[in-house]
Amino acid sequence: MLTFFLRIVYIVSMGKTYVFVNQKGGVGKTTSAINIGAYLAEAGKSVLLVDFDAQANLSSGMGIKPLKPGVYELLAGTVPFDKVIRKSAVQGLDVIPASIDLSGAAVELIEQKERDFFLKKALVPARNRYDFILIDCPPSLGVLTLNGMAAANAVLIPMQCEYFAMEGLSLLLKTIKRIQKSLNPQLGIGGIFFTMYDPRTKLAQDVVKQVSAYFKSAVFTTIIPRNVRLSEAPSYGMPVSLYDPQCSGARAYRSLSLELIRRSSPPAPVGESAAPASAAASTNSNGGLHDA
Ligand SMILES: Nc1ncnc2c1ncn2[C@@H]1O[C@H](COP(=O)(O)OP(=O)(O)O)[C@@H](O)[C@H]1O
Ligand SMILES: [Mg+2]
């Protein structure tokens with residue numbers, strides 16, 4: 001009983017670690033990590049962004065230079081945690097950058113015994129320092145993404161409103177269930193959210209309807225619209241909250257971040273949760289997927 005209680009206290013006190021996952025590229029993982037991170041910080045939270053993609057789009061989108069030392073050196077153990085943390089232009093928002101060296105790590109890790117837990121161990125010093133840790137993953141379900149999911153409390157899934165995105169989603173959910181059984185039993189679904197939404201297309205409307213009907217409360221209410229300001233901001237090395245806080249994309253990411261804060265509050269005591277009984281897949285208090 002005591003260990004159970006201590007474990008709950010530990011989970012609540014260590015802050016929330018979210019990993020942005022979608023094996024498809026170009027769906028808005030990096031854009032979402034940057035802008036949700038910025039709005040969480042604006043809401044007074046301390047936030048760490050971890051660039052875990054060798055493309056280093058998050059690092060450059062946040063205007064971080066130079067890229068080394070970064071997450072690769074942290075994993076390799078050649079540089080201590082404090083030396084890889086960079087302050088960003090947003091108060092309360094720190095970044096661990098990535099560089100192309102990270103692509104080598106993917107190969108090196110495969111040969112290691114504890115290969116899926118390197119990031120989790122590397123982030124131990126961050127646990128008590130930040131309210132939120134957001135990990136941006138590459139577009140694959142390879143060893144880096146598995147490390148990301150092993151290190152996180154919950155997965156955030158950005159999804160474009162396209163037909164093939166739904167097929168990709170079922171593969172991703174199967175993978176998450178596998179991870180829950182093997183690497184990380186605590187891993188939950190933080191939520192699915194739609195990106196680059198264009199209300200003029202019927203397909204986009206249909207995808208939102210179908211996914212929302214099926215996944216119910218796992219789907220965020222806020223939908224991120226297609227908005228050119230969101231794609232311009234990274235070339236100025238800043239989140240949209242600094243680049244153009246009034247544009248539709250900025251307002252949507254602000255609202256999504258506030259929704260995330262509400263969702264990440266400690267779960268209601270057992271017995272008070274209102275899981276949908278009829279859902280084919282429902283979520284537990286930590287957002288974990290269960291078969292109905
Ligand atoms: N809501 C949006 N509206 C318009 N462009 C977007 C939006 N979200 C992302 N983009 C652009 O789409 C491209 C892919 O987004 P990105 O976040 O890099 O995806 P991922 O990290 O999943 O590969 C980038 O050029 C980005 O600027
Ligand atoms: Mg990316």
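Please name which of Phe132, Gly190, Tyr163 has its Cα lying farthest along the dipole of the stretch 14-265 towards the positive end, using unit charges on Cβ (Lys, Arg +1; Asp, Glu -1) and the Cα centre as origin.
My answer, from the dipole projection, is Gly190.
In terms of modelled amide H atoms, which long-range or inter-chain residues lie less than 5 Å from the amide H of Leu49?
So Leu49 has HN proximity to Asp94, Val95, Ile96, Leu134.
From the residues Ser60, Tyr18, Val79, which one has its Cα farthest along the dipole of the chain in the positive direction, the dipole being from +1 and -1 charges on Cβ of Lys/Arg and Asp/Glu about the Cα centre?
It is Tyr18.
Take each of the peptides 157-167, 86-96, 39-49, 203-213, average the number of other beta-carbon atoms within 10 Å over its residues, and list them starting from the highest.
39-49, 86-96, 157-167, 203-213
Determine the dipole magnitude for the chain: charges of +1 sit on the beta-carbon of Lys and Arg, -1 on that of Asp and Glu, nothing else is charged, the reference point is the Cα centre, and the result goes in debye to the nearest 20.
Result for the chain is approximately 360 debye, rounded to the nearest 20.
Among the listed pairs Lys45/Lys216; Lys29/Lys87; Lys87/Lys120; Lys29/Lys216; Lys87/Lys113, which are separated by more than 24 Å between their Cα atoms?
Those over the limit are Lys45/Lys216; Lys87/Lys113.
Per the helix-only calculation at 222 nm, which mean residue ellipticity applies to the chain, given -39500 (n - 2.57) for every DSSP H run of n ≥ 4 and division by its residues, nearest 500 deg cm²/dmol?
It lands at -12000 deg cm²/dmol.
Classify the stretch 14-265: rounded, prolate or oblate, from the alpha-carbon gyration tensor (a ≥ b ≥ c, eigenvalue square roots; a/c under 1.5 rounded; otherwise prolate if a/b is larger than b/c)?
Judged from the Cα gyration tensor, the stretch 14-265 comes out oblate (a/c at least 1.5, b/c at or above a/b).
Taking the highest mean first, how do the peptides 168-178, 191-201 order by number of other beta carbon atoms within 10 angstrom per residue?
191-201, 168-178
In percent, how large is the relative contact order of the stretch 14-265, given Cα pairs closer than 8 Å and 6 or more residues apart?
Once normalised by length, the contact order is 27 percent.
Values in this text are rule-based calculations from the coordinates and carry no lab data. No experiment lies behind these values; they were computed from the predicted model shown. Because the Cβ atoms are built from the backbone with ideal geometry, glycine has one as well, and the counts that use them run over all protein chains shown.
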